[in-house]
Amino acid sequence: MSELPLYLLLGVFCGLVSITLSRCTSLTMEAVERLQRATGLPKAASPALGGLIVGLLALMYPEVLYWGFENVDILLESRPFTSGLSATILVQLIGVKILATSLCRAFGLVGGYYAPSLFIGAATGMAYGKFMRFTFTGSEALLHIPFLDVASPQAYGLVTCLPIQLFHLHFSSSQIR
């Protein structure tokens with residue numbers, strides 16, 4: 001029962017990430033439309049420019065590219081002999097993946113929200129789980145809650161993948177803005 005507030009905070013955090021993805025996509029689409037009008041950039045050239053920008057982002061954060069579900073497995077630390085990413089890196093990946101997904105959509109690249117939302121959800125859950133583990137079981141923990149000794153950040157990653165993915169699947173298919 002003592003862990004319920006932590007799940008509530010996880011839900012709030014996931015909701016904020018989801019809203020950020022929706023707003024970032026809307027703002028990026030508006031910015032690209034303004035860029036096309038102001039520069040006379042042909043629509044046919046937009047995917048190439050978008051690919052260039054996302055490619056430059058991927059030089060700094062190659063994890064944001066889609067390698068099948070391998071990158072989600074890496075985030076969830078489910079593969080043996082892989083070192084996990086820190087919570088700081090995971091938060092950075094959330095932001096960069098949101099930006100990359102928004103740019104792809106705005107520049108007319110093929111894709112959707114399904115795989116990116118799985119990635120974002122896994123990174124969100126893992127970052128939250130690692131932060132909570134550090135906060136409650138670190139060397140100078142604020143509180144000590146025994147269930148966190150057993151619960152792994154992977155559980156938070158798995159919990160957040162599906163809700164974010166379903167939210168975006170619903171809204172992208174219904175065209176609600």
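So Trp67 clears everything in (1) within 25 Å of Glu30 (Cβ to Cβ); (2) modelled with pLDDT under 85; (3) among the hydrophobic types (A, V, I, L, M, F, W, C) except one condition, right? Which one? Only one criterion is unmet by Trp67, namely (1).
Would you mind finding the one in Ala115, Ala44, Ala38, Ala48 that is part of a helix (DSSP H, G or I), over 18 Å from Tyr128 (Cβ atoms) and touching a residue at least 12 places away in the same chain (Cβ under 8 Å)? Walk me through it before giving the result.
Numbers: Ala44 fails: touching a residue at least 12 places away in the same chain (Cβ under 8 Å); Ala38 fails: touching a residue at least 12 places away in the same chain (Cβ under 8 Å); Ala48 fails: touching a residue at least 12 places away in the same chain (Cβ under 8 Å).
Of Ala115, Ala44, Ala38, Ala48, the one residue that is part of a helix (DSSP H, G or I), over 18 Å from Tyr128 (Cβ atoms) and touching a residue at least 12 places away in the same chain (Cβ under 8 Å) is Ala115.
For Thr28, the conditions (1) within 26 Å of Ser86 (Cα to Cα); (2) among the β-branched types (Val, Ile, Thr); (3) surrounded by 13 or more Cβ atoms within 10 Å (Cβ to Cβ) are fulfilled apart from (1).
The values are calculated or read from the model by the stated rules, or taken from the named source; none is laboratory data. What you see is a predicted model, and the numbers here were worked out from it, not measured in a lab. Backbone-built Cβ (ideal geometry, glycine too); neighbour counts: all protein chains shown.
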